[in-house]
Amino acid sequence: MQVLELLRRLPPDFQIFVHALDATGPLLERTRQLGYEPLIHALGPSLVHPTSLAEVVRLAQWLKTERIDLVHAQDFYSTLLGVPAARLAGVPVVVSRLDMVHWHGKARHVALAAATHAAHAVIANCDAVRDLVVHRDRVAPERVVVIRNGLDIDRFDSIAKGPLAAPLPDTGGAPVAALVANMHHEVKRQEDFLLALTAARRGVPALRAFLVGDGVRRPALERMASDLGLSQVAFFLGGRPDVPAVLARCTLGVLCSLQEGLSNAVMEGMAAGLPMVVTDAGGNAELVKDGERGHVVAARRPFALAEAMLRMLACPEGARRMGAAARRFVEAELTLDRMIREHDRLYRLLASRTEGARAA
């Protein structure tokens with residue numbers, strides 16, 4: 001989504017080409033609607049397969065032919081393709097590092113670290129990712145820049161004020177805690193949220209919960225909720241196109257992941273003016289700031305999560321102040337304009353090296 005906003009909003013003097021590994025995915029049609037037909041690089045069964053190596057050479061030749069000034073590789077496989085191709089072509093390359101590489105095995109992390117070292121600049125989306133790249137991957141600090149994700153606040157507010165895409169369960173005016181996270185990976189730890197909800201309801205029996213998101217783990221999570229007696233308390237809403245409108249009807253937001261980069265779910269909760277209870281994972285604490293825009297607790301501590309939720313519910317005025325502070329932070333630090341401006345500045349700096357080399 002951040003890439004789509006770059007395509008949509010970078011100044012018109014940029015000439016942009018989009019490359020992809022295959023012509024599929026939920027964002028393909030939106031990319032085409034912006035006027036970009038991705039150039040496809042189909043990799044082989046491994047990155048050292050002749051097909052993959054041929055694609056590196058093909059991309060390098062294309063970069064030279066088109067006189068490209070800068071390459072930006074956005075994820076794991078595109079980094080392993082784009083960095084060597086850009087190096088072969090003599091073109092500056094920047095890579096994005098957007099998470100704590102929690103889903104990579106050791107071999108993948110080594111490969112990603114090597115490609116990151118070979119890049120001219122690295123974009124981290126939060127300080128926690130920057131620290132990992134600098135201290136664990138040993139990339140020089142001056143080559144790593146933090147550019148936080150941006151949120152389209154006007155669009156968010158429009159959806160928040162608009163009608164719901166589907167009805168919500170009737171909670172009878174009870175306080176509602178919202179957790180927005182996919183259900184594909186254990187790293188999101190919805191289990192801890194359900195345990196925390198059970199504990200918190202001992203203090204506030206009326207408390208309800210909305211779990212927004214879907215994935216292969218959903219049936220097991222629904223069974224767990226049933227076993228905990230939460231079937232009429234924790235409502236699984238599935239994927240929703242109207243998340244801002246759902247959040248507008250909640251009391252507080254929760255994210256209890258083991259690992260994160262800069263969480264869009266936390267950003268959206270803050271944009272909705274919700275006080276947030278989050279785990280100290282990745283960039284969560286940078287966004288929330290314990291005691292100011294919500295509470296931060298250790299990961300895998302459902303009872304600490306419950307205590308933080310209860311503190312919010314026990315002091316509604318304090319919770320409202322935290323929610324208002326969260327919204328102000330989004331407006332000041334997490335706008336799309338800022339995100340685009342910082343990319344623009346970095347792109348022009350790196351591209352100027354290509355122009356200088358050509359002039360020489």
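Here are the numbers for this structure:
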{"quantity": "Among residues of region 218-241, those that are crowded, with 18+ Cβ neighbours inside 10 Å and either in a loop (DSSP other than H, G, I, E, B) or in contact with a His (Cβ under 8 Å, 6 or more places away or on another chain) (or both), counted", "calculated": "3"}
{"quantity": "Residue pairs meeting the criteria (Cβ under 9 Å; at least 6 apart or on separate chains; first on the phi > 0 side of the Ramachandran plot, in region 285-297; second assigned to a strand (DSSP E or B))", "calculated": "K289/V296; G294/L252; G294/G253; G294/M276; G294/V277; G294/V278"}
{"quantity": "Residue list for region 17-50, restricted to those being at pLDDT below 95 and small (G, A, S)", "calculated": "A23, G25, A42, G44, S46"}
{"quantity": "Residue identified as within 26 Å of the chain's Cα centre (by Cα) and either surrounded by fewer than 12 Cβ atoms within 10 Å (Cβ to Cβ) or farther than 21 Å from E5 by Cβ (or both) among A60, A20, A54, A42", "calculated": "A42"}
{"quantity": "Residues of region 265-290 satisfying the condition of being within 15 Å of V129 (Cα to Cα) and of a type outside the set (A, V, I, L, M)", "calculated": "D280, G282, G283, N284, E286"}
{"quantity": "Selection status of L211, closer than 18 Å to M276 by Cα, of a type outside the set (D, E), over 21 Å from the mean Cα position of the chain (by Cα) and outside the structural domain of R345 (by TED's automatic domain parsing)", "calculated": "no"}
{"quantity": "Residue in region 187-202 that is out of contact with any Ser or Thr (no Cβ under 8 Å at 6 or more places or on another chain), assigned by TED's automatic domain parsing to the domain that holds A314 and free of Cβ contacts under 8 Å to residues at least 12 places away in the same chain present", "calculated": "yes"}
{"quantity": "Failed item in (1) free of Cβ contacts under 8 Å to residues at least 40 places away in the same chain; (2) within 23 Å of L287 (Cα to Cα); (3) hydrophobic (A, V, I, L, M, F, W, C), with A118 passing the rest", "calculated": "(2)"}
{"quantity": "Region 33-77, residues that are out of contact with any Ser or Thr (no Cβ under 9 Å at 6 or more places or on another chain) and of a type in the set (G, A, S)", "calculated": "G35, A54, A60"}
{"quantity": "Top-ranked residue in region 107-161 [being in contact with a Pro (Cβ under 8 Å, 6 or more places away or on another chain) and of a type in the set (V, I, T); ranked as farthest from Y347 (Cα to Cα)]", "calculated": "I159"}
{"quantity": "From the options R311, R328, residue that is surrounded by fewer than 24 Cβ atoms within 10 Å (Cβ to Cβ), touching a His at 6+ places or on another chain (Cβ under 7 Å) and at pLDDT 95 or above", "calculated": "R311"}
{"quantity": "Selection status of D290, in contact with a strand residue (DSSP E or B) (Cβ under 6 Å, 6 or more places away or on another chain), among the acidic types (D, E), surrounded by fewer than 18 Cβ atoms within 10 Å (Cβ to Cβ) and under 30 Å from V95 (Cα atoms)", "calculated": "no"}
{"quantity": "Matching residues, region 253-267, being buried (at least 24 other Cβ atoms within 10 Å of the Cβ), outside any helix (DSSP H, G or I) and among the aliphatic types (A, V, I, L, M)", "calculated": "V254, L255, L262"}
{"quantity": "Condition broken by M270, with the remaining ones in (1) crowded, with 24+ Cβ neighbours inside 10 Å; (2) more than 27 Å from N125 (Cβ to Cβ) satisfied", "calculated": "(2)"}
{"quantity": "Pairs with Cβ under 8 Å, 6+ apart, first in region 21-37 and assigned by TED's automatic domain parsing to the domain that holds R9, second among the aromatic types (F, W, Y) and not in a loop (DSSP other than H, G, I, E, B)", "calculated": "L21/Y77"}
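The values are calculated or read from the model by the stated rules, or taken from the named source; none is laboratory data. Source: prediction; values computed, not measured. So basically every Cβ, Gly included, is an ideal-geometry build from the backbone, and we count neighbours across all protein chains shown.
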